[in-house]
Structure formats: structure tokens, C-alpha cells
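The values are calculated or read from the model by the stated rules, or taken from the named source; none is laboratory data. These figures come from a predicted structure and were not determined experimentally. Here Cβ is always computed from backbone atoms with ideal geometry, including for glycine, and neighbour counts include all displayed protein chains.
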Amino acid sequence: MIKLDDCVYHLNYPFNKDLLLKEYEDVEMTTFSSFNPNWNRSFDIGTHGNFLKQQFQKLVKGKVAAGYYCQKAGDDVKEHKDTGCKCRINVLLSDNDSTLYIANHEIKYQSALINVNEHSHYVDIAKKDRLIFSIIFLEDDYYTVKTIYK
């Protein structure tokens, strides 16, 4: 059995959601993939988003990216693994009751470090748009990032 700690680590980091939402107003979203055609993203993150990206970049040896992701109401995110990154921090920016399913666990979070590379995951159908800001660790691993926030 896969332990929850190997999949998700809830963060108590003071993300300024108001600033992230303000910057999101100027973002143009594009389709993420043909596998999840209604899952949209943008790497146009604004000044505060770039500040957060740089703060987390200082903590790890690998490369870090950041972006916005939006799951539209009435859509789901099909089960997958993120092969382009090792792990990511997702910050929920919308009032949304969707559930993340990862390695047979049901997760609700406000901000969390998620081991998306090792474990298949999906999100159930959203009743409202689900907007997240994501800090993406491209060359580091979940366990290194998690250790920083212990």
C-alpha cells in the first residue's frame, strides 16, 4: 500500500492568493493536451508569480517553472502521471469542491506538494471552475522539496 505521505504533503506557506488571482485576470489560457482538452494552462504568471517561482528556485538544485491551470465546471481531469516534472506545488485559487485522487487516496487541499510523477492521479468533475497556481519542479524530487518544509 502506498502511504499518503509519499503522495501529498500539505503546505502551510503564506501564498498571497489575492495577488495571484489579480495577475490571472491578464492571462490567456491555452489547451493543456488532447488527452484532457478542457484542462487549460498558461505560463504567463506575472510579477508575483515570478517572485514565487524564484523563491522556490533558490531552495532546490533543479529547474523550476510555474503556471496557472483551470479545470472548467462540468469537466474532469483524466487519470495520468506528470512525466514532464518530478513534483509540483498546487495552490487552489478558486472556491471549489473537487477532489484529487492519487494512489487510492482522496485529497482535499488548499496548497500541497504533490508527487505527480510517481503516482497516477485525477480530479473528479468540477461543479465550479477549479483554478490552481502551480510551482513545477522539473529536475528535483518530491522528497527533497518536502524536507525543506518539515
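Restricting the first member to segment 119-137 and to residues that are within 12 Å of Asn90 (Cα to Cα), and the second to residues that are among the aromatic types (Phe, Trp, Tyr), the beta-carbon pairs closer than 6 Å and six or more apart or on different chains are Ile132/Tyr69; Phe133/Tyr68; Ser134/Tyr69; Ile135/Phe56.
Conditions tested, residue by residue: (1) modelled with pLDDT of 90 or more; (2) touching a His at 6+ places or on another chain (Cβ under 9 Å); (3) under 19 Å from Ile125 (Cβ atoms).
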{"position": "Asp44", "(1), (2), (3)": "yes, no, no"}
{"position": "Phe51", "(1), (2), (3)": "yes, no, no"}
{"position": "Val60", "(1), (2), (3)": "no, no, no"}
{"position": "Val77", "(1), (2), (3)": "no, yes, yes"}
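Of everything in segment 27-57 that is more than 14 Å from Cys70 (Cα to Cα) and not polar (S, T, N, Q), the residue that is surrounded by the most Cβ atoms within 10 Å (Cβ to Cβ) is Gly49.
Scan segment 71-85 for residues that are surrounded by 21 or more Cβ atoms within 10 Å (Cβ to Cβ) and either in contact with a Leu (Cβ under 7 Å, 6 or more places away or on another chain) or among the aliphatic types (A, V, I, L, M) (or both) and the total you get is 1.
Within segment 89-109, does at least one residue satisfy the condition of being in contact with a strand residue (DSSP E or B) (Cβ under 6 Å, 6 or more places away or on another chain), free of Cβ contacts under 8 Å to residues at least 24 places away in the same chain and over 24 Å from Phe43 (Cβ atoms)? Scanning segment 89-109, I find at least one residue that is in contact with a strand residue (DSSP E or B) (Cβ under 6 Å, 6 or more places away or on another chain), free of Cβ contacts under 8 Å to residues at least 24 places away in the same chain and over 24 Å from Phe43 (Cβ atoms), so the answer is yes.
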